[in-house]
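Could you have a look at this structure, given as structure tokens, before my questions?
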Amino acid sequence: GLWGVVNLYRASRIVTGGIFGAVFTPRTGPVVVVDQVAADPLPVSAAADVVEIQVAHGAVLLKLLGSLLLYAAAWWMLGRDNVFISAMFAAGTVFLLYLNGRMLVGRGPGLVITSSGISIRQGLGLVSNLAWSEATTVEIKSTPLYSCLVIGMRNADRLIDNASGYRQWTLRSNLQRFGSPFLVSTSALKCDRNQLFQTVAAYRSRYGTI
């Protein structure tokens, strides 16, 4: 009867909620320090105390290709005969191409670490610059689908309040999901994520406000 349908719906919500939570909820991952990582730190410029990390264009393209294939498979199974669903998938594809295109287009390194702070190239993150005096924590947060470097910020709410539109919504979403609006995908950078964590944490400890 009706209660059976309601109970089935509730059970399905619990199951799907558990699956989505396991796949999409970021969790702080353990940082493994291996001998090679400890002996081979990220290269520092001889001219200044600067670390520059390039964008991993191949990894970004490979991830984009995989996402497009999943989109195409989902569209073929769910919406190829439905104009509305096809339009939604088309809009999603365009948005996906836009986001990844911003990562690929541009000049210079993807991430720059200096004595004054850390900078992300436009397209890789919504917060471009962060002074060490504004950084509170450094973490690697992961799901089965992705891994991010997350740096806690002082006055994050003020930054979000000064933004508007889609940027404000995304910054607030990042704060709720990751604990900070400052994050960058580690797979988009040409470096080992554990090396990246150790280097950023060392700079924050050296130059930040404890």
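Just so you know, all these numbers are worked out from the coordinates, no wet-lab data involved. Since the model is a prediction, treat every value here as computed from it, not as a measurement. Cβ sites come from the backbone with ideal geometry, for glycine too, and all protein chains shown count toward neighbours.
What area, in nm² and to one decimal, does the C-alpha convex hull of region 108-192 cast on average over all directions?
On the way: hull surface 23.3 nm².
The orientation-averaged projected area of the Cα hull of region 108-192 comes to 5.8 nm².
Consider just the alpha-carbon atoms of region 66-210 and return their Rg together with their Dmax, both in angstrom.
That works out to 17.5, 59 Å for Rg and Dmax.
Go through region 44-105 and name the trypsin sites (Lys or Arg not before Pro) that are in a DSSP coil and have 12 or fewer other Cβ atoms within 10 Å of their Cβ.
Numbers: sites: 63, 80, 102; in loops: 80.
Answer in residue order: 80.
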